[in-house]
Protein chains: 2
Amino acid sequence: YMPRQGGGARGRQLATLGRIAQEKFIDPAVGKLLDELVSLTADLPYDDDTASLVRVTRRQYERSIKVSPDFVAEMYDHTAQIYDVWKEARPKADFGMVAPYLEKSVALSRRYANFFPDHEHIADPLIDSSDYGMSVSTVRPLFAQLREALVPLVREISDRPEIDDSCLKQHYPENKQREFGLKVLQAYGFDFERGRQDKTAHPFMIRFNTGDIRITTRYKDNDLSEGLFSTLHECGHALYEMGVNPDFDGTALGRGASSGVHESQSRLWENLVGRSRLFWEYYYPQLQEVFPEQLNDVSLDTFYAAINKVAPSLIRTDADEVTYNLHVMIRFDLALNLLEGTLAVADLAEAWHARYEADLGVRAPNDTNGVLQDVHWYSGLIGGSFQGYTLGNVMSATFFEAALKAEPRVLAQIKQGEFATLHRWLRTNVYHHGRKFTAAELVERVSGEPLSIDPYIAYLHKKYGELYDLG
Amino acid sequence: YMPRQGGGARGRQLATLGRIAQEKFIDPAVGKLLDELVSLTADLPYDDDTASLVRVTRRQYERSIKVSPDFVAEMYDHTAQIYDVWKEARPKADFGMVAPYLEKSVALSRRYANFFPDHEHIADPLIDSSDYGMSVSTVRPLFAQLREALVPLVREISDRPEIDDSCLKQHYPENKQREFGLKVLQAYGFDFERGRQDKTAHPFMIRFNTGDIRITTRYKDNDLSEGLFSTLHECGHALYEMGVNPDFDGTALGRGASSGVHESQSRLWENLVGRSRLFWEYYYPQLQEVFPEQLNDVSLDTFYAAINKVAPSLIRTDADEVTYNLHVMIRFDLALNLLEGTLAVADLAEAWHARYEADLGVRAPNDTNGVLQDVHWYSGLIGGSFQGYTLGNVMSATFFEAALKAEPRVLAQIKQGEFATLHRWLRTNVYHHGRKFTAAELVERVSGEPLSIDPYIAYLHKKYGELYDLG
């Protein structure tokens, strides 16, 4: 909602607050106090709240003191600059315009990584900063397995008749889309005493504190899925933050565990619940009531197929569940190559096209929907911002499977438009802990096993095997 | 737009930021630097930007170092508490509930004043903090003169037939009210690249920085004047902030001069322009086009009289131009009596009723619309928050008269719906200076004379003499 000319000063305000917060946090007195607290809490169990608060705060402290304040200031400055250049370059498809800035981003990202000299791979400190405990050596093999499973699945689906999703592309008045979305938010358990939904150009979730957690969405009046599924996606992020133990508010524990675990919850509520057949057995008649002209002649089967249509495409954020991870892996691999020095920024745009042709069989007509597509590389350090999306997809199935095992009635309830049991289980086993446990620890606690792609692949095979009548 | 449960943490965040900002500002190193700057700028003219920046910053520094950080923290705490109690007490009309808190507010206000031991009157430091340079010894005589002029005017008007304002009390759909309001905002020169308008429970203007200046309004669908005039009022505040020299942004000069000068601009655009006959000669036909069913049978004369109807009433914010200042003076006087110790909090509610009966001839049925009416006494220190409203009314006429003298064509332009000349004159002579000059200096610069109530009284007599056909 900010007026166009408010951006510059807002950026300076954020940089000032960021610097002051950093200065206060890395004060050696804080380190001494944390040392004392570590010994005072040494006898407490690992999962004790106080012990966890000390452990996680100290981990963040150790990371923060390694990075020089000058570097942080330089990074903020650079981020503001490259973002503005990207905003201009993207519609012009002019990658050359932003390339020198991206070279500086690569250099800054390498400098950041080198504040942590014991890293195994140059991208590890960057991955670690958003998905603590993860590294190239854990993510790469997982992604390789996933790719091995996904590529043949995409190929099989491509051989089947294309799904007709024209029912979604009719005129859907915005106010009615909003009304239906709010109904599902209510049913999911979004707490309107502690949150609200607004409209923005790009949907997001933001937590200010435990009593103020907001989501945004956008509507297209000629595409029903945009507003609907971005609402359910951001709701998943919000349910996570709303479920964090309120005692943790304002501390290092008062947030979701990691970028990957966060994404597991947005994708669980968006896809595993919100694009499931059971969900729509309950909600489709209600949706038809809201949009009788558009949907009364469309069967549940047709609608369900339309919202789950698989088709290789150019845009990550519009991608279906099956091809989505291929988009993510392209970005993950290319960023690693840039950091390793095996790919030059000058060759990046073409490397992008080549990978899209190889992995998805499509090529963007220019760089607007190619290498300039996502904001991530043009708004901070690179190398740590994409793995979370795919880790989240993988974990979404792990958490959902564990919930069903503990509470088998969840499926029957979804078919009744009831989500309280599922929500409660996730709150108890994931959300409440905030940042107490790492992603790997959460997965182990709920599934009894290390992170594996098996539940996710099994989920995709079952759902899309039925939908596309695969052998 | 904040969710209901977000208030607590927001209060703590503001207190933390306020404390950090205060700590940084009162650092003795800042004082030393300011001392150096004072000597470096000693030879510059008084109105030089740099000299003014140093002068005003140093004045704020001198004030800030006198107040102990502990006091500031205690005040923030108390403010949060009393505000919550007031919100509960007001609808219950239970002044007793909030009285002990108000006693603490009085004590805190006295303690604040005593950080400035050379004050002449206990309220002076409180008045000075929002209307720099003003004091009880300057405000009281001005208010006494005003009262002497207003009371007979109100009495004369009361003897005339009552104006029928029922044309304003019809059904006015909100979206059409908003559309018309936006049209006037555009014409006034509100810059939508640097601002926006939203809806809130209580209208206000807020400046984040020179590129982000927002106003809010509220609409009643059975009362046209509420949304319309609150829009014009807040627009006046916004035009002032938007006109401040952008080079001053983020400095002590980058704000309006004082609470009184600010109010002079909101009232100028709301009343002297927005409730003038010339304004409506241009806009009334357009308003009729927007609301044909409601207004096609209502003449301009009837409408103009309705929006300027004078009638003693209970609520300050709904009061007409003539009686408004009587509401303000009651509050000003009672707060001074509390601070002087000549009135006890226990007797305040009855003192309120007595003054309303004496000055306005009305008595509220209970304290909800009596002593509990305004938020001001229940959201901070008392004694400095009301004089600005009446000083603003007085100055609005001074500034408008000066503008007309310099640019006589302004009146003919208003009749054409053009405001650029008036806006430019105010920007050049008032807005651009930000906080460089005090209220008294601004008045002297534009009118060549010290602040006087004469232009304001002349304005009221002329306008209401014609409207009520007074002798």
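Among the DSSP beta bridges whose two residues both lie in the range B:189-274, what percent are antiparallel, rounded to the nearest 5?
Rounded to the nearest five, the antiparallel share is 50 percent.
Evaluate 2.2 N^0.38 Å with N set to the residue count of the range B:203-245, then give the Cα radius of gyration divided by it. List each step's numbers first, then the result.
Values: Rg = 11.6 Å, N = 43, 2.2 N^0.38 = 9.2 Å.
Here the answer is 1.26, to two decimals.
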Review point. Given H placed 1.01 Å from N in the peptide plane, which residues other than close sequence neighbours of A:Tyr132 have an amide H under 5 Å from its amide H?
Key: A:Ser259
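Hand me the chymotrypsin sites (Phe, Trp or Tyr not before Pro) from the range A:162-225 located in a DSSP loop with no more than 16 other Cβ atoms within 10 Å, in residue order please. The partial results should precede the final answer.
Numbers: sites: A:Phe180, A:Tyr188, A:Phe190, A:Phe192, A:Phe204, A:Phe208, A:Tyr219; in loops: A:Phe190, A:Phe192, A:Phe204, A:Tyr219.
The qualifying sites are A:Phe192, A:Phe204.
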Review point. Counting Lys +1, Arg +1, Asp -1, Glu -1, what net charge surrounds B:Lys32 among other residues with beta carbon under 14 Å of its beta carbon?
Key: -3
Review point. Counting DSSP beta bridges with both partners in chain A, what percentage is antiparallel, nearest 5?
Key: 50
**Study point:** Fraction of antiparallel bridges per DSSP, the protein assembly as shown only, in percent to nearest 5
**Key:** 50
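Would you mind giving the mean number of other chain beta-carbons within 10 Å of the Cβ of each residue in A:1-13, as a whole number? Provide the component values of the computation, followed by the final result.
Values: counts 5, 5, 11, 6, 11, 11, 3, 5, 7, 4, 0, 3, 3.
Across A:1-13, the average partner-chain Cβ count within 10 Å equals 6.
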Review point. The range B:187-219: which residues show an accessible-area loss of 30 Å² or more, assembly versus chain alone, 1.4 Å probe?
Key: B:Glu193, B:Arg196, B:Asn209, B:Gly211, B:Asp212, B:Arg214
**Study point:** Projected label distance in nm at A:Asp118 and A:Glu62, using a 7 Å step from Cα toward the beta-carbon
**Key:** 0.7
Revision key, fill the gap. Averaged over the residues of A:62-69, the number of partner chain Cβ atoms within 10 Å of each residue's own Cβ comes to 0
Review point. Nm distances between the label at B:Pro408 and the same-position labels in the remaining copies, 7 Å along Cα→Cβ, shortest first?
Key: 9.5
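Kindly provide the helix-only [θ] at 222 nm of the protein assembly as shown, computed as the sum of -39,500 (n - 2.57) over DSSP H runs of four or more divided by all residues, to the nearest 500 deg cm²/dmol? If you can, show how the numbers build up before the last one.
Numbers: 40 runs with 571 residues, N = 942.
It comes out at -19500 deg cm²/dmol, rounded to the nearest 500.
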Exercise for review: Mind running the shape call on the range B:174-333? Use the C-alpha gyration tensor, a ≥ b ≥ c as the square roots of the eigenvalues: rounded below 1.5 for a/c, prolate if a/b tops b/c, oblate otherwise.
Suggested key: oblate
Practice item. Considering only chain A, pick the residue with its Cβ nearest the axis of the rotation onto chain B, and state the distance in whole Å. Key: A:Ile20, 3
Check your understanding: Hey, for B:Asp94 with labels 7 Å out along Cα-Cβ, what do the inter-copy distances come to in nm, ordered shortest first?
Key -> 6.6
Practice item. Might you work out the accessible area of B:Leu314 for me, using a 1.4 Å probe with all protein chains in place, and round it to the nearest 10 Å²? Key: 40
Revision key, fill the gap. Distances in nm between the label point of B:Arg218 (7 Å along Cα→Cβ) and its equivalents in the other copies, shortest first, are 3.4
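Classify the range A:392-471 as rounded, prolate or oblate from the Cα gyration tensor: take a ≥ b ≥ c as the square roots of its eigenvalues, call it rounded if a/c is under 1.5, otherwise prolate when a/b beats b/c and oblate if not. Don't skip to the end; give the middle numbers.
Numbers: a/c = 2.62, a/b = 1.28, b/c = 2.05.
Oblate, because a/c is 1.5 or more while a/b does not exceed b/c.
Residues of B:240-252, mean number of Cβ from any other protein chain within 10 Å of their own Cβ, rounded to a whole number?
Values: counts 0, 0, 0, 0, 0, 0, 1, 0, 0, 3, 4, 0, 0.
Across B:240-252, the average partner-chain Cβ count within 10 Å equals 1.
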Study note, to complete from the structure: Quick P(r) readout (chain A; Cα-Cα; 20 Å bins; whole %) gives 22, 59, 19, 0
**Study point:** Whole-Å distance, taken between Cα centres, linking the range A:65-117 and the range B:304-340
**Key:** 57
Point to revise | C-alpha center-to-center spacing [the range A:122-136, the range B:195-230] in angstrom | key: 46
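My understanding is that a pair violates if its Cα-Cα distance is over 31 Å; which of A:Lys176/B:Lys199; B:Lys176/B:Lys462; B:Lys169/B:Lys415; B:Lys183/B:Lys462 do that in this structure? Kindly include the intermediate steps, with their values, before the conclusion.
Working: A:Lys176/B:Lys199 22 Å; B:Lys176/B:Lys462 33 Å; B:Lys169/B:Lys415 26 Å; B:Lys183/B:Lys462 29 Å.
Those over the limit are B:Lys176/B:Lys462.
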Check your understanding: Taking the Cα-to-Cβ direction at A:Arg363 and at A:Glu449 and moving 7 Å from each Cα, how far apart do the two end points lie in nm?
Key -> 4.1
Review point. So if R0 is 30 Å, what FRET efficiency would B:Glu466 and B:Asp47 give, r being the distance between their Cβ atoms, rounded to the nearest 0.05?
Key: 0.15
Exercise for review: Could you tell me the distance between the Cα centroids of the range A:252-276 and the range B:396-443, to the nearest Å?
Suggested key: 56
Exercise for review: Leaving out ligands and nucleic acids, note down the accessible area per residue over chain B with a 1.4 angstrom probe, in whole Å².
Suggested key: 43
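The values are calculated or read from the model by the stated rules, or taken from the named source; none is laboratory data. What you are looking at is a predicted structure, and each value in this text was computed from that prediction instead of being measured. Here Cβ is always computed from backbone atoms with ideal geometry, including for glycine, and neighbour counts include all displayed protein chains. Remember, those area values only see protein heavy atoms, side chains included, never the ligands or the DNA or RNA. Shrake-Rupley method; radii C 1.70, N 1.55, O 1.52, S 1.80 Å.
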